[in-house]
1. Is there a residue being surrounded by 16 or more Cβ atoms within 10 Å (Cβ to Cβ) and either over 14 Å from the mean Cα position of the chain (by Cα) or more than 21 Å from CYS36 (Cβ to Cβ) (or both) anywhere in region 109-118?
2. Can you name the number of the only condition in (1) crowded, with 20+ Cβ neighbours inside 10 Å; (2) closer than 22 Å to THR228 by Cα that ALA143 fails?
3. Kindly indicate whether ARG50 is within 24 Å of ALA99 (Cβ to Cβ) and modelled with pLDDT of 85 or more.
4. Could you tell me whether ARG181 is under 19 Å from GLY226 (Cβ atoms), open to solvent by 40 Å² or more (accessible area, probe 1.4 Å) and assigned to a helix (DSSP H, G or I)?
5. Against the definition (part of a helix (DSSP H, G or I), modelled with pLDDT of 85 or more and within 15 Å of ligand 2 (Cβ to nearest atom)), how does ARG75 come out, yes or no?
6. Regarding GLY82, is this residue modelled with pLDDT of 85 or more, in a loop (DSSP other than H, G, I, E, B), closer than 30 Å to VAL216 by Cα and within 16 Å of ligand 2 (Cβ to nearest atom)?
7. So how many residues does region 201-222 have that are part of a helix (DSSP H, G or I) and open to solvent by less than 20 Å² (accessible area, probe 1.4 Å)?
Amino acid sequence: MKVGRVLFDSVGRVSALRPGLDAVLTVVFASSCAACGDLLDEPTKGPVCRRCWRSILPLTPPLCDGCGDPLPSWRSISLPLGQCPRCRRTRRQVDRARAIGEYDGALREIVHALKYEGRRSLARPLAALMRERAGTLISEADASVAVPLHPSRLRERGFNQAADLARHLGLPIVPALRRVRATATQTSLPAAQRHRNVRHAFATTRRVCALHGRAVLLVDDVSTTGATLEACARVLKEAGVRTVLALTAARVVDRRQ
Ligand SMILES: [Zn+2]
Ligand SMILES: [Zn+2]
């Protein structure tokens, strides 16, 4: 399967030969969509079928002006600031956050395929969707900073999916953060422990000097409780960054609030 995947990634660039190649690849490799598992009609257009890409819906407005979570619609009328209860309760380090959509369905499968199956060619189309749904976040930012992996995790995975996404967002990338503590995977922890788990996990690098007084776009694949983004934003602001905006491919939506 790995040979087939490498071949897809390389033939993806040979557009003139596409129709013939699609026919050959469909027969020879019988490749299936990385999200839904159906047979791909056009394997040269990437490892996810068109139906899956189209099924990824944006979060339904009204959205919280801060974290980007959907607000119950009656709240948009009663709250002049349009912020969710959590954002009003606590002062956040991330000034505004947005995502392509909810961490569910095809989007969840695509992020999974990128991160855990090494389908790195998915970073480009995912980043294109992030740009499309980022509102004004990208135009407001001076540079992007990818949420780093701990060196041991990076060695194990071979790449940082957040850096792959940041590379296609069109902003200068500044490696201003490093992960100084290997933390337990956030998804294995209850929400209350996640902030504690990542609190001292990040530090700035010398490159952060370039971001003094600037607006930074923090990039990651998934925001679960926002704890990782908050921890990153805290150290960036302590180092003099003026504004931290956050853009992720997907977002886990807490509907209990
Ligand atoms: Zn599919
Ligand atoms: Zn909020």
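The values are calculated or read from the model by the stated rules, or taken from the named source; none is laboratory data. Please read all numbers here as calculations on a predicted model, not as lab measurements. Cβ sites come from the backbone with ideal geometry, for glycine too, and all protein chains shown count toward neighbours. Quick note on the areas: whole protein, heavy atoms, side chains included, nothing else; ligands and nucleic acids left out. Shrake-Rupley method; radii C 1.70, N 1.55, O 1.52, S 1.80 Å.
1. No, region 109-118 contains no residue that is surrounded by 16 or more Cβ atoms within 10 Å (Cβ to Cβ) and either over 14 Å from the mean Cα position of the chain (by Cα) or more than 21 Å from CYS36 (Cβ to Cβ) (or both).
2. In the conditions (1) crowded, with 20+ Cβ neighbours inside 10 Å; (2) closer than 22 Å to THR228 by Cα, ALA143 misses (1) alone.
3. It is true that ARG50 is within 24 Å of ALA99 (Cβ to Cβ) and modelled with pLDDT of 85 or more.
4. No: the conditions fail for ARG181.
5. So ARG75 fails the test.
6. Against the criterion (modelled with pLDDT of 85 or more, in a loop (DSSP other than H, G, I, E, B), closer than 30 Å to VAL216 by Cα and within 16 Å of ligand 2 (Cβ to nearest atom)), GLY82 does not qualify.
7. Within region 201-222, residues that are part of a helix (DSSP H, G or I) and open to solvent by less than 20 Å² (accessible area, probe 1.4 Å) number 2.
Table: residues versus (1) within 16 Å of ligand 2 (Cβ to nearest atom); (2) more than 26 Å from PRO175 (Cα to Cα).
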site	(1), (2)
SER55	no, yes
PRO62	yes, yes
ASP69	yes, yes
THR90	yes, yes
VAL111	no, no
ARG133	no, no
ILE138	no, no
SER144	no, no
VAL147	no, no
